[in-house]
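Trainee: Structure provided below as structure tokens; questions to follow.
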Amino acid sequence: MAGDARAKELCGIGDALFSKKAPLDSLNQEIAENFYPERADFTRDLSLGQEYAEHLMDSYPVMMRRELGNNLSAMLRPKDKPWFAYSTLSEDRDQRPENAAYLEYLTKTHRTRLYDARCKFVRATKRADHDYAAFGYAILSVQEAPSREHIIFKDHHPKNIAILENDVQ
């Protein structure tokens, strides 16, 4: 029965966090309606076939958010050149031939795994870039695939997340 009490406590904490977050969701709803109508479902439901952007008089704000979101990935994660590399944070160690070869192997392997279509890295980070451009934050998670052969990146709608910070780091 202790587990039931803990579950109720956690549900209570979650409910309190989401109620504290309600004003932010209202703000994000307004932002989304003007800049990111595809995500304008913070405080209302978008139903299939509904005209969700009919109130917009000009498409310029939506186009600018889209350009900014698209440019984030182009600047931060260009596909045509390496944008990360493994390191030991010690130049002396990194420059030893055996260490340098292994670090290069790790970097190439990681890059190959990230861009494996099953990982959905590009899709998740692209959506996260657009959330960041519109709302100033994005939520990504990484989980192991059921087959345990690769990882899966998922982006989450900001309305579904409430964050609790504590002093433990």
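Every read-out reported here was derived from the displayed coordinates using simple, explicitly stated rules and does not represent laboratory data. Small disclaimer: the values here were computed from a predicted structure and weren't measured. Note that we place each Cβ from the backbone using ideal geometry, even for glycine, and neighbour counts take in every protein chain shown.
Trainee: Considering the options Asn34, Ser141, Trp83, tell which one lies farthest towards the positive end of the dipole of the chain, charges being +1 on Lys and Arg and -1 on Asp and Glu at the Cβ, about the Cα centre.
Mentor: With unit charges placed on the Cβ atoms, the residue in question is Trp83.
Trainee: Same structure again: Points 7 angstrom from Cα along the Cβ direction at Ile163 and Ser90: gap in nanometres?
Mentor: 3.4
Trainee: In addition: Taking Cα pairs under 8 Å and at least six residues apart, what relative contact order does the chain come out at, in percent? Write out the running numbers ahead of the final one.
Mentor: On the way: 144 pairs, mean separation 33.9, N = 169.
Over the chain, the number comes to 20 percent.
Trainee: Right, another one. Just to be sure I understand the model, the point goes 7 Å from the Cα along the line to the Cβ. What's the resulting Ser73 to Ile13 distance in nm?
Mentor: My value for the distance between the label points is 3.4 nm.
Trainee: What full-extension length gain, to one decimal in nm, is calculated for Glu30 and Val142 as 0.36 nm per residue of separation minus the Cα-Cα distance? Don't jump to the answer; show the numbers that get you there.
Mentor: Details: separation 112, 0.36 × 112 = 40.32 nm, distance 2.92 nm.
Result for the pair: 37.4 nm of gain on full extension.
Trainee: Sketch the reach of a paramagnetic label on Tyr102 as a point 7 Å from Cα along Cα-to-Cβ, and name the residues of the stretch 113-153 whose backbone nitrogen lies under 15 Å away.
Mentor: Within reach of a label on Tyr102, which here means backbone N under 15 Å from a point 7 Å along Cα→Cβ, the stretch 113-153 contributes nothing.
Trainee: Right, another one. Give the long-range amide H neighbours of Ile151: residues separated by 5 or more places, or on another chain, with amide H under 5 Å away, using H modelled in the peptide plane at 1.01 Å from N.
Mentor: Ala145
Trainee: Just to be sure I understand, if you calculate Rg/Rh (Cα atoms, Kirkwood Rh) for this structure, which of (i) 0.96; (ii) 1.07; (iii) 1.17 do you get?
Mentor: Comparing each candidate, only (ii) matches the computed number.
Trainee: If you place +1 on the Cβ of every Lys and Arg and -1 on the Cβ of every Asp and Glu, how big does the dipole about the Cα centre of the chain come out, in debye to the nearest 20?
Mentor: Working: 24 positive and 27 negative charges, 113 e Å.
Result for the chain is approximately 540 debye, rounded to the nearest 20.
Trainee: Just how many pairs of Lys in the chain have C-alpha atoms closer than 17 Å, counting pairs that are eight or more places apart or on different chains?
Mentor: Values: Lys20/Lys159; Lys21/Lys159; Lys79/Lys108; Lys79/Lys120; Lys79/Lys126; Lys81/Lys108; Lys120/Lys154; Lys126/Lys154.
Count of close lysine pairs: 8.
Trainee: Show me the ranking of peptides 109-117, 84-92, 24-32 by mean Cβ neighbours inside 10 Å, starting with the highest. Don't skip to the answer; put the middle values down first.
Mentor: Working: 109-117: 12.3, 84-92: 10.4, 24-32: 16.7.
Going from most to least packed, we get 24-32, 109-117, 84-92.
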